[in-house]
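Each remark here refers to the structure printed beneath this line.
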Amino acid sequence: MIFCKHRDCLSREERLRRSYYEVLRDELDQFVLGYSLVGSYNNFLRLRTPYPFVELRELKPRARIPSVEFDAQNSFLIIFSEDFIHKKHKKYIRYFDANKTTKNNLLRHKYFPNVENFNRNLKFFENRDFFSLLRSLLPIDYALLIQRNQQTKVKYGLTHFHVRIDWPIAEASEDLARDLRYISKDLYEKGDKYAEDFQKKLFEYYGVPVMAGGRRTAAIVAAQYFRQLPGITTVYV
């Protein structure tokens, strides 16, 4: 399996890009923490509803307590890729012209409330209103994709919205099992029961309950899929 290149294996140009990516990721980390934790907590306060803190038993391995997504909880899925995602990956990472972040697409889907003032530079990380655009698109189903602009070397932008992750869970589990050397070739080579148990192991490996909702399931599948790419990919959910 191709995995993220260590910094020592990068060229000087790639190191500079890696450093820039990590700076932007730090900014995105702070934004996501504010939106997902602080913002959600404030939503519960406004509704005068007790905040559903995680119980200790849910943090134990093999915990099978189904969690509920509350309406007051800010949910989202963001994929932030260090490099541009090649078109050969479109089979499983569904980004096309129809869901590209353009004014026409946003106007047709009515996702962006201030679409009349949209300009193409708004989607780039360097724009001061980038996080306003990002915040307005977070409630959309499926994922938002932030990646390097193909036309430039070190410019990142929110290129696509409504991005589906269509890699089957069985294939993601098989990929992880081979990587951890639980199997040599096929997920079912040791029987159906072993394959079923290892698909549960995929969720445990990423710290997500087996009965997790769609966004979190898509997040762990995406995290496993992007391990095939040589650059860093950060998945927020």
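The values are calculated or read from the model by the stated rules, or taken from the named source; none is laboratory data. None of these values were measured; they are calculated from a predicted model. Counting neighbours? That spans all protein chains shown, and the Cβs are built from the backbone with ideal geometry, glycine included.
Pick out the one residue from TYR20, TYR41 that is under 26 Å from PHE76 (Cα atoms) and touching a residue at least 12 places away in the same chain (Cβ under 8 Å).
One residue alone meets the criteria, TYR20.
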Which listed residue is in a loop (DSSP other than H, G, I, E, B), modelled with pLDDT under 90 and not aromatic (Phe, Trp, Tyr), from GLU204, GLU189: GLU189
Qualifying residue in the range 198-205 (condition: surrounded by fewer than 22 Cβ atoms within 10 Å (Cβ to Cβ) and of a type in the set (A, V, I, L, M)): no
The range 4-22 - residue that is assigned to a loop (DSSP other than H, G, I, E, B) and surrounded by 11 or more Cβ atoms within 10 Å (Cβ to Cβ) and, of those, modelled with the highest pLDDT: LEU10
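Only one residue in VAL32, VAL54, VAL38 is part of a loop (DSSP other than H, G, I, E, B), within 25 Å of the chain's Cα centre (by Cα) and β-branched (Val, Ile, Thr). Which one? Write out each step before concluding.
Working: VAL32 fails: part of a loop (DSSP other than H, G, I, E, B); VAL38 fails: part of a loop (DSSP other than H, G, I, E, B).
After ruling out the rest, the residue left standing is VAL54.
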Where ARG25 falls short, out of the listed (1) at pLDDT 90 or above; (2) of a type in the set (D, E, K, R); (3) not in a helix (DSSP H, G or I): (3)
Residue check, TYR142 in contact with a His (Cβ under 6 Å, 6 or more places away or on another chain) and surrounded by 14 or more Cβ atoms within 10 Å (Cβ to Cβ): yes
Residues (more than 14 Å from TYR225 (Cβ to Cβ), among the charged types (D, E, K, R) and more than 16 Å from the chain's Cα centre (by Cα)) located in the range 146-177: LYS153, LYS155
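For the condition in a loop (DSSP other than H, G, I, E, B) and either over 15 Å from SER81 (Cβ atoms) or free of Cβ contacts under 8 Å to residues at least 24 places away in the same chain (or both), what is the one hit in SER184, SER173?
SER184
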Residues of the range 152-188 classified as touching an Asp or Glu at 6+ places or on another chain (Cβ under 8 Å), aliphatic (A, V, I, L, M) and either farther than 25 Å from GLY214 by Cβ or exposed (fewer than 13 other Cβ atoms within 10 Å of the Cβ) (or both), total: 1
